[in-house]
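The values are calculated or read from the model by the stated rules, or taken from the named source; none is laboratory data. Since this is a predicted model, take the numbers as computed values, not measurements. Cβ placement follows ideal geometry from the backbone for every residue including glycine, while neighbour counts extend to all protein chains displayed. For the accessible areas, the whole protein counts, side chains as well, though only heavy atoms, and no ligand, DNA or RNA atoms are used. Shrake-Rupley method; radii C 1.70, N 1.55, O 1.52, S 1.80 Å.
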Amino acid sequence: MDDLDRRTRAAQATFELRDQIAKDLGGIDRLSAMQREIVDGAALLGAMIKDAGAAYISGDPVDLAEFMALTNAQRRLLADIGLERRAKDVTPTLRDIIAGHAA
């Protein structure tokens, strides 16, 4: 997804949600490749859900079965990575401590 054009509203919503979810999980750098894939999928589904919700609120027809399928798919992905917020580990490493004394 990083190669995509980020100028569209859908892309902006997807990447913003991806970054928020990753932050809640302790930071993107703390996630495994598999977890990042799940986060990307959940964020993409989230953007699609928001788009369908906006259409519904605007009075446009929305396929309820599709909306529920998107919502359930996103819920399953989020459940796989956990719904609890995790603190980012800010404990200094030995290298950080040594560098601090050298400075």
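Those residues that are surrounded by 11 or more Cβ atoms within 10 Å (Cβ to Cβ) and acidic (Asp, Glu), I need them from segment 64-84; list them, please.
66, 80
Can you tell me which of 99, 87 is at pLDDT below 95, farther than 23 Å from residue 17 by Cα and either open to solvent by less than 60 Å² (accessible area, probe 1.4 Å) or more than 14 Å from the chain's Cα centre (by Cα) (or both)?
99
This table checks each residue for (1) touching a helix residue (DSSP H, G or I) at 6+ places or on another chain (Cβ under 6 Å); (2) buried (at least 16 other Cβ atoms within 10 Å of the Cβ).
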| residue | (1), (2) |
| --- | --- |
| 8 | no, no |
| 19 | no, no |
| 25 | no, yes |
| 32 | no, no |
| 43 | yes, yes |
| 51 | no, no |
| 58 | no, no |
